[in-house]
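So the structure is just underneath, and the comments pick up after that.
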Amino acid sequence: MEPQAGQVSKLQGLQAAVLQSQVQQNVPCLNAEVDKMGPADVVKASRAINAAYALQTAELVGIPPLAIPYQAAGFEALAKELIAITRAEPTTADPDREIVDGWAEKLVSLAGTSGRRPDGEHSLHHRRGHL
């Protein structure tokens, strides 16, 4: 299970630098050109995942401005929902699976019908129905 706020001291040194670097490397995914690189639902899901990573990193390293690009782009609420799924108390013997399934359900629910492929499957689904 993911560490809860307050259970982990601020990350420092190399760990914090790597997390910050990864968040900053992901920011270009918010550029409008990215919209043309794939189905809109896939782009939105990818941005939501990056936003969750940015918000969590901002909290862990104690640098709130890391999350600003995603907040400004309107992804804060969705990112917080994904983080909440990660932090939720497990209800089964397989908490990792719960998290993966919870994120998949949330992200697939964003797409509506626009993400349908010609074969009727959703573009966010893997062949077995998972991301």
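The values are calculated or read from the model by the stated rules, or taken from the named source; none is laboratory data. Because the structure is a prediction, the values reported are computed rather than measured. FYI the Cβ positions are ideal-geometry reconstructions off the backbone, even for glycines, and counts take in every protein chain you see.
Restricting the range 73-115 to residues that are in contact (Cβ under 8 Å) with a residue 40 or more places away in the chain and hydroxyl-bearing (Ser, Thr, Tyr), the residue that is surrounded by the fewest Cβ atoms within 10 Å (Cβ to Cβ) is Ser114.
Within the range 17-40, the set of residues being aliphatic (A, V, I, L, M), under 19 Å from Glu59 (Cβ atoms) and touching a residue at least 40 places away in the same chain (Cβ under 8 Å) comprises Leu19, Val23, Val27.
So that you can scan it fast, the table gives a plain yes or no per residue for (1) closer than 22 Å to Trp103 by Cα; (2) of a type in the set (Lys, Arg); (3) loosely packed, with under 15 Cβ neighbours inside 10 Å; (4) modelled with pLDDT of 95 or more:
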residue	(1), (2), (3), (4)
Ala5	yes, no, yes, no
Val8	no, no, yes, no
Ala16	no, no, no, no
Asp35	yes, no, yes, no
Gly38	yes, no, yes, no
Arg47	yes, yes, no, yes
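Entry remark, the range 55-72: residues being in contact (Cβ under 8 Å) with a residue 40 or more places away in the chain and over 13 Å from the mean Cα position of the chain (by Cα) number 7 in total. Residues of the range 55-72 that are exposed (fewer than 15 other Cβ atoms within 10 Å of the Cβ) and hydrophobic (A, V, I, L, M, F, W, C): Ile68, Ala72.
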